[in-house]
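Inspection log for the structure reproduced underneath, given as structure tokens.
The values are calculated or read from the model by the stated rules, or taken from the named source; none is laboratory data. Because the structure is a prediction, the values reported are computed rather than measured. When we count neighbours, we look across all protein chains shown, and the Cβ atoms used for this are built from the backbone with ideal geometry, even at glycine.
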């Protein structure tokens with residue numbers, strides 16, 4: 001009986017050792033480089049570009065969101081009123097430009113000509129009145145008409161002739177039509193009004209906060225009713241792709257690491273299910289060993305940062321999770 005128990009225990013130990021060697025890649029093998037590091041991912045802080053009251057939030061912490069998904073909305077009542085005002089201003093400016101391009105209507109030219117003729121008639125009447133008074137004054141040796149009456153009649157004639165000249169210029173301008181410069185100015189003012197409308201519509205589109213990429217909501221920092229601003233993030237997102245392990249190698253190990261080199265990453269949470277990866281980045285600058293680096297022999301030395309890009313479709317790895325990295329080298333007996 002004892003022999004059977006011993007044989008069974010030996011078989012179990014052999015199976016366990018074989019599984020550990022298969023999954024962990026022969027930790028003590030000279031052909032596999034063993035490193036320690038932590039899972040790292042990129043994070044995004046999302047904030048509105050405008051300052052306004054938040055009216056709705058559509059995501060909670062831990063939610064997985066898709067690129068383009070609306071996560072939050074601002075109050076847009078004031079902005080929509082400004083857009084209506086801008087559209088009305090465009091309508092007014094379009095009519096001004098249309099009027100200038102069409103030129104003066106024939107009826108307006110005729111009206112201007114009639115005003116000129118009326119001014120000419122007034123001037124002729126003032127001239128005749130002055131001539132009459134001068135004739136009376138000449139026949140009575142100046143006693144029939146006062147000097148004051150003569151001066152007033154002469155002044156009225158000057159005013160009437162000035163009005164004739166004024167109406168003549170107005171008739172000429174009406175006949176010629178608007179200047180090219182006036183049309184260009186009206187066109188420019190219309191473009192300014194349209195640009196203002198596009199700017200307001202751009203602000204309206206920014207009233208919705210959208211996820212830039214597929215991600216997981218890490219933190220919800222504001223709530224409906226809070227005042228949003230560019231300096232106050234609403235959400236903190238964790239981008240699940242790319243995901244990598246940040247590890248460090250010393251100068252002796254550096255020659256055994258190459259870009260694209262296959263790797264396996266093991267975590268304490270699920271040691272029997274390693275995650276495949278590859279070396280994606282090798283630092284060209286040495287640095288002193290960071291305090292967060294976990295090594296078997298902790299000592300101050302120069303190391304080089306490497307990043308092992310991971311293929312984690314099940315999203316099992318979390319930010320900051322400690323991980324063990326096995327870099328497979330050509331001819332490695334324990335790699336897969």
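Remarks
- Residue check, residue 193 buried (at least 16 other Cβ atoms within 10 Å of the Cβ) and within 22 Å of residue 85 (Cβ to Cβ): yes
- For residue 93, the criteria (1) surrounded by 13 or more Cβ atoms within 10 Å (Cβ to Cβ); (2) more than 20 Å from the chain's Cα centre (by Cα); (3) in contact (Cβ under 8 Å) with a residue 40 or more places away in the chain; (4) under 16 Å from residue 219 (Cα atoms) hold in every case but one, which is (4).
- Consider the stretch 126-182 and keep the residues that are buried (at least 16 other Cβ atoms within 10 Å of the Cβ), at pLDDT 85 or above and under 29 Å from residue 100 (Cβ atoms). The one that is nearest to the chain's Cα centre (by Cα) is 167.
- Test result for residue 72, assigned to a loop (DSSP other than H, G, I, E, B), at pLDDT 90 or above and within 52 Å of the chain's Cα centre (by Cα): no
- Checking 211, 236 one by one, the residue that is buried (at least 18 other Cβ atoms within 10 Å of the Cβ) and either touching a helix residue (DSSP H, G or I) at 6+ places or on another chain (Cβ under 8 Å) or touching a residue at least 24 places away in the same chain (Cβ under 8 Å) (or both) is 211 and no other.
- Within the stretch 102-112, the set of residues being modelled with pLDDT of 80 or more and surrounded by fewer than 16 Cβ atoms within 10 Å (Cβ to Cβ) comprises just one member, 111.
- Which numbered condition residue 202 misses (of (1) surrounded by 16 or more Cβ atoms within 10 Å (Cβ to Cβ); (2) in a helix (DSSP H, G or I); (3) without any contact (Cβ under 8 Å) to a residue 24 or more places away in the chain): (1)
- Only one of the numbered conditions (1) surrounded by fewer than 17 Cβ atoms within 10 Å (Cβ to Cβ); (2) closer than 21 Å to residue 216 by Cα is not met by residue 50, and that is (2).
- Some residue of the stretch 30-43 being outside any strand (DSSP E or B), out of contact with any helix residue (DSSP H, G or I) (no Cβ under 9 Å at 6 or more places or on another chain) and either at pLDDT below 90 or farther than 13 Å from residue 208 by Cβ (or both): yes
- Test set (1) surrounded by 13 or more Cβ atoms within 10 Å (Cβ to Cβ); (2) without any contact (Cβ under 8 Å) to a residue 40 or more places away in the chain - residue 123 fails condition number: (2)
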